Amino acid sequence: MHIRAQDASVRLLAKLSPTKEAGRLVVLRRSYRDESYGFRRAREFTMPDYTPEQLANRVTHAPLLRYADALRTHGHRAASIDPLDLLRRERVEALEPSRYGLSDPSAQYNIDGILWTKEGCGKEKQQTLEEITRFLNAVYVGRIAYEYMDLPSKIERLWFAHLLESETADAMHGVGLERKWRIHDLLARSEVFDTFLQAKFPNLKRYGLEGAESMLPALDALFSAAARADTTHIILAMPHRGRLNLLTGLLEYDPVALFHKIKGGAEVEVADEVVSGDVLSHLVTSPTLKYDGKEIKVSLLPNPSHLEAVNPVALGKARAKQYSLLKALEKGGDGVEGCMLGDKVMCIQLHGDASFTGQGVVMETLGLSNLPHYTSGGSVHVVVNNNIGYTTPASSARSSMYCSDIAKMVNCPVLHVNGDYPEDVIRAVEIAFKYRNYFRKDIVIDLIVYRRWGHNELDEPAFTQPLMYQKIRSRRSVPGLYEDKLVADGTLSQDSASSVRISYKATLNDALAVSATYVPPPVKFDGQWSTTVIDGTDMAMVWPGSKEARAFDTGVSTEVLRKVGKASVEVPDGFEIHPRLQRHVKNRLGSLESGEGIDWATAEAMAFGSLMLGGCDVRIAGQDVGRGTFSHRHAMLVDQKTEGVVVPLNHALVGAVGKLELANSSLSEMAVLGFEYGASWERPDLLPIWEAQFGDFFNGAQVIIDAFIASAETKWLKQSGIVLLLPHGLDGAGPEHSSSRIERMLQLTNDPFTPQPNANVNMHVVFPTTPAQYFHLLRRQMKRNYRKPLVVAAPKGLLRLAAASSKLSEMVLGTQFQPVLPDSHSPTDKIERVALVSGKIFYELAKERAARGLEYRVALIRIEELAPFPFTYLADTLKPYTSPSNTSELLWVQEEPRNQGAWGHVKDRLRAVLGGLGVRGEVRYIGRHEDAVPATGTGKVYQAQQRAVVEGLFEGL
């Protein structure tokens with residue numbers, strides 16, 4: 001059997017055979033019949049097995065087969081992939097033919113079924129051992145090293161062998177003339193750019209690309225290959241190293257704007273907005289590039305200095321972009337049956353070698369790559385490998401042989417390539433793209449380069465790496481070496497080479513002069529962010545702090561509420577749900593009929609369904625979100641006989657344009673939250689929700705919250721409607737399952753300490769106590785003409801508490817979220833104490849108050865929205881209790897320790913409210929004492945503490 005590799009992706013690797021390879025059963029993961037909305041199975045393939053003649057030949061020449069496989073497996077260990085030649089070398093005995101009993105160089109062998117040379121499929125199947133050795137070394141022991149033999153899929157291994165071995169002769173001829181000139185242009189301009197910045201701004205930390213300039217032609221080739229394959233969008237994530245070179249050299253970023261930023265100017269300006277901006281090495285752009293007449297939009301994402309944190313954000317945005325395109329096709333009536341994830345959108349992630357190995361989010365993000373609710377059709381990873389991280393050598397930075405070894409956890413092939421040879425780099429890139437575009441899986445290019453300067457241009461790297469930098473400082477640059485090669489072989493004249501540099505330097509000088517008067521253009525909404533869908537109507541998007549920003553009515557007609565509620569528990573005929581869920585269905589239908597006792601799960605389902613009817617999609621992700629951690633949601637039902645899955649709102653809600661995606665995630669917090677956040681950047685018509693299994697589990701995603709969710713609007717003018725559901729409430733579960741650390745979320749807000757009109761708070765933090773309040777909050781996220789992150793201290797014990805249920809009438813047209821819920825009894829001058837509370841402690845206090853008969857002596861007021869703090873609402877609610885004739889004492893009651901919970905956030909703001917009402921004195925604190933943990937793990941101690949908090953409010957009455 002011989003198949004030309006260039007034909008392989010078209011006619012060789014046909015359709016799947018999911019459980020067989022070569023006629024024998026193989027071990028695969030357990031299948032699960034989730035065919036719900038958003039579920040995407042990985043592409044699977046078969047290819048023709050060896051012919052009987054080939055199998056016989058493989059047996060006859062088994063030593064030769066072992067030798068060939070040894071080169072395929074171990075050739076990378078002897079390849080010339082290190083520009084500095086500092087990698088430790090050892091003799092690779094496995095590459096010697098004598099180890100396999102092959103000793104006569106002139107001996108003839110039939111290579112049919114063993115090697116895949118072009119000659120192998122013709123009549124010249126005989127080759128000498130010398131020819132075979134020379135051939136295998138040319139393929140596997142050159143300046144590109146391949147790791148693919150560890151892949152568990154025989155199909156993928158064969159694909160690589162066919163591709164590499166049948167195209168080797170063609171590859172040896174190098175790239176065409178036009179491509180060589182393009183490579184030279186990119187390399188030369190990059191070197192001129194770095195030299196120019198060093199001369200004009202010698203004290204600037206620019207994180208230049210010197211030593212790794214091959215990154216630019218690599219990305220150029222990748223963009224070109226994607227465009228030729230009809231990809232229309234690239235989502236690009238990268239760190240700081242070489243970012244400015246990429247921006248100006250390939251992504252058409254105006255150097256005038258760059259110099260304006262270097263000299264202290266702002267990169268963006270928006271009227272009536274406070275924009276902090278970001279550092280130089282985080283600049284972004286989204287140009288539309290053209291290759292061979294085909295356009296491709298490249299979106300370079302903003303990212304923080306937390307290396308690799310942007311990776312899952314890029315992955316989420318890439319998948320959401322593909323779904324946006326699919327939805328547009330559906331609206332246009334063109335159909336989407338033949339459109340697969342990854343056809344039109346590709347994610348490219350650039351990494352540093354030390355961070356790729358060291359940052360856990362890399363592993364978490366790789367773990368998402370092939371999951372059915374997270375795959376985006378395969379990413380191409382380019383590791384710009386300096387063999388050093390800050391000042392730490394590779395030997396101290398990783399335990400593995402290569403920095404790319406972490407990718408093997410998802411059976412990812414790796415191509416190592418010597419960055420000193422740009423044409424070989426392009427060859428590696430083209431192979432990587434072919435693999436990704438066919439198998440729709442991740443692949444890694446380990447671009448081995450060096451760093452001419454220290455971590456930044458002001459460092460002295462020889463302090464810690466003297467021998468490495470002796471070599472670096474004595475060698476010609478990568479652009480210089482390539483230019484010498486082209487001039488020597490007559491591909492480029494010296495005058496032409498010089499003119500490229502002279503011309504670009506003049507361009508930079510002109511840009512520097514113009515930058516003195518540069519004014520950033522106003523930022524405006526475009527594309528999918530120009531409008532959003534509100535109840536089926538396109539509404540113009542605005543900045544959250546503008547005068548036009550407003551929320552629309554969040555109430556829904558009784559008819560629609562009942563329709564959605566019933567649809568949320570309707571299952572197809574013949575679908576057998578778990579017997580215990582019959583009660584769940586019965587209770588929901590009963591509460592909808594009576595209009596009483598609406599629980600949290602029902603309110604949530606009605607919020608989701610009503611938004612879907614209005615044209616919005618909803619995606620909720622996290623560990624066990626289909627059922628719900630507390631077995632309360634059951635938005636996804638599983639047939640007890642077949643394990644088939646149905647999402648009732650998608651199945652039964654007639655007239656819904658939107659869809660509900662339930663993404664039961666891997667046991668990851670950082671990558672999963674980053675993924676959902678990336679989706680929120682892409683789609684304002686999507687309600688993205690991340691639910692932590694328990695509230696404090698967000699600890700593992702703190703970087704995403706700090707560097708993206710809390711600050712992206714202020715740094716980058718990026719809006720997001722992400723919702724974080726963080727189950728919170730002390731109930732005896734111990735230190736790690738009690739608190740959502742709401743104090744941390746509140747500390748991250750820029751909520752003003754005093755009332756300010758139209759305050760644009762960076763994210764909203766709420767602690768709702770009724771299902772109706774939660775219903776309105778979810779709908780408010782999408783029924784505003786702007787987007788804002790929402791952090792919800794979500795219920796645990798309240799999920800089934802009868803006292804915490806709602807009426808249907810609290811969600812109908814004309815109702816809305818209430819930032820402050822007043823006491824159920826009207827204010828009177830008999831009130832002696834006014835307790836301000838937030839969260840589930842209210843119900844314990846209310847129960848104790850009723851037991852003591854103190855309803856008319858103690859008032860309980862709930863603050864449901866903590867940020868932005870409801871100054872006006874609270875003042876209006878407290879006013880009757882603070883008249884000159886009323887001497888009510890004001891208290892803040894919480895169950896969390898004093899150094900935690902909302903107390904630190906509310907105490908100064910409460911003082912401002914009271915000052916505005918003319919009330920002197922302080923609000924008294926009642927709650928637990930300061931503690932190093934959110935809650936004790938000792939049951940008796942917990943009960944005593946909780947009882948003391950509840951009784952503390954009524955002490956002395």
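In table form, for the structure just shown:
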| quantity | calculated |
| --- | --- |
| Paramagnetic label zone (point 7 Å from Cα along Cα-to-C-beta, ASP931; backbone N under 16 Å) in the stretch 823-848 | 840-841 |
| Gain on full stretching of the segment that runs from LYS118 to ALA948 - 0.36 nm per residue minus C-alpha separation | 290.4 nm |
| Largest to smallest accessible area among ASP230, ASP220 [probe 1.4 Å] | ASP230, ASP220 |
| Helix 558-567 axis, angle to the chain major axis (alpha carbon atoms, nearest 10°) | 50 degrees |
| With all protein chains modelled, accessible area of CYS412 [1.4 Å, Å²] | 0 Å² |
| Portion, in percent, of the accessible area of the stretch 553-810 that falls on carbon or sulfur, probe 1.4 Å | 50 percent |
| Förster radius 45 Å - calculated FRET efficiency between PHE525 and TYR856 (Cβ-Cβ, nearest 0.05) | 0.25 |
| Positive minus negative residues near GLN946 (Lys, Arg vs Asp, Glu; Cβ under 13 Å) | -1 |
| Residues of the stretch 553-810: accessible area per residue with a 1.4 Å probe, Å² | 31 Å² |
| Rounded to 10°, Cα long-axis angle of helix 841-852 versus longest principal axis of the chain | 20 degrees |
| Charge dipole (the chain, unit charges on Cβ, about Cα centre) - positive-most of TYR421, ILE577, PHE356 | ILE577 |
| Paramagnetic reach from VAL657 in the stretch 764-794 [backbone N under 19 Å; point 7 Å along Cα→Cβ] | 779-787 |
| Cα centre as origin, Lys/Arg/Asp/Glu Cβ charges: the stretch 181-517 dipole, Debye | 360 debye |
| Entries in LYS586/LYS796; LYS294/LYS344; LYS321/LYS344; LYS566/LYS807 that, when Cα-Cα distance is taken, lie over 19 Å | LYS586/LYS796 |
| Contour excess over end-to-end distance, with Cα ends at ASP85 and LEU55 and 0.36 nm allotted per residue | 6.7 nm |
| Sum of -39500 (n - 2.57) over DSSP H runs of 4+, divided by residues of the chain (222 nm, nearest 500) | -10500 deg cm²/dmol |
| Probe 1.4 Å, all protein chains present, accessible-area order of THR517, THR532, THR51, largest first | THR517, THR51, THR532 |
| Rounded percent of accessible protein surface that carbon and sulfur make up, the stretch 181-517, 1.4 Å probe | 53 percent |
| Formal net charge of residues neighbouring LYS907 (Cβ-Cβ distance under 15 Å; K, R +1; D, E -1) | -2 |
| Percentage relative contact order, the stretch 820-953, counting C-alpha pairs under 8 Å, at least six apart | 27 percent |
| Beta bridges by DSSP in the chain, antiparallel share as percent, to the nearest 5 | 30 percent |
| Taking the chain and dividing mean pair separation by its residue count, relative contact order in percent (alpha carbons under 8 Å, at least six apart) | 11 percent |
| For the stretch 567-724: relative contact order, % (alpha-carbon pairs under 8 angstrom, 6 or more apart) | 25 percent |
| Computed E for SER594/LYS294 - FRET, C-beta separation, R0 51 angstrom, nearest 0.05 | 0.25 |
| At most 16 other Cβ within 10 Å, DSSP loop - GluC sites (Glu not before Pro), the stretch 620-685 | GLU643 |
| Exposure rank, largest accessible area first [ARG179, ARG744; 1.4 Å] | ARG744, ARG179 |
| Label assignment, P(r) over Cα pairs in 20 Å bins from 0, in percent derived from the structure, set (1) 13, 39, 32, 14, 2, 0; (2) 10, 27, 26, 16, 12, 6, 3, 1, 0; (3) 12, 35, 29, 17, 6, 1, 0 | (1) |
| Estimated distance in nm for a label pair at ALA107 and VAL941, the labels positioned 7 Å out from Cα along Cα-to-Cβ | 7.6 nm |
| Among GLY101, TYR374, ALA551 - extreme Cα towards positive end, dipole of the chain, charges at beta-carbon | ALA551 |
| Theoretical FRET efficiency, 1/(1+(r/R0)^6), r = Cβ-Cβ of ASN899 and ASN699, R0 30 Å, to 0.05 | 0.95 |
| Sparsely packed GluC sites (Glu not before Pro) within the stretch 836-886, loop by DSSP, other Cβ within 10 Å at most 16 | GLU855 |
| If the convex hull is drawn through the Cα atoms of the stretch 815-936, its volume per residue in Å³ | 116 Å³ |
| C-alpha long axis of helix 129-140 to longest principal axis of the chain, angle in ° | 30 degrees |
| Unit charges at the beta carbon, dipole of the chain: most positive-side option, VAL820, TYR291, VAL268 | VAL820 |
| Net length gained if the chain between GLU559 and THR128 were fully extended (0.36 nm per residue, minus Cα distance) | 146.9 nm |
| For the stretch 181-517, share of DSSP beta bridges that run antiparallel, in % to the nearest 5 | 20 percent |
| Fraction of antiparallel bridges per DSSP, the stretch 553-810 only, in percent to nearest 5 | 10 percent |
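The values are calculated or read from the model by the stated rules, or taken from the named source; none is laboratory data. As the structure is a prediction and not an experimental result, all values here were calculated from the model. Ideal geometry is used to build each Cβ from the backbone, glycine not excepted, and the neighbour counts take in all protein chains shown. The accessibility values were calculated without ligands, DNA or RNA, using every heavy atom of the protein model including side chains. Shrake-Rupley method; radii C 1.70, N 1.55, O 1.52, S 1.80 Å.
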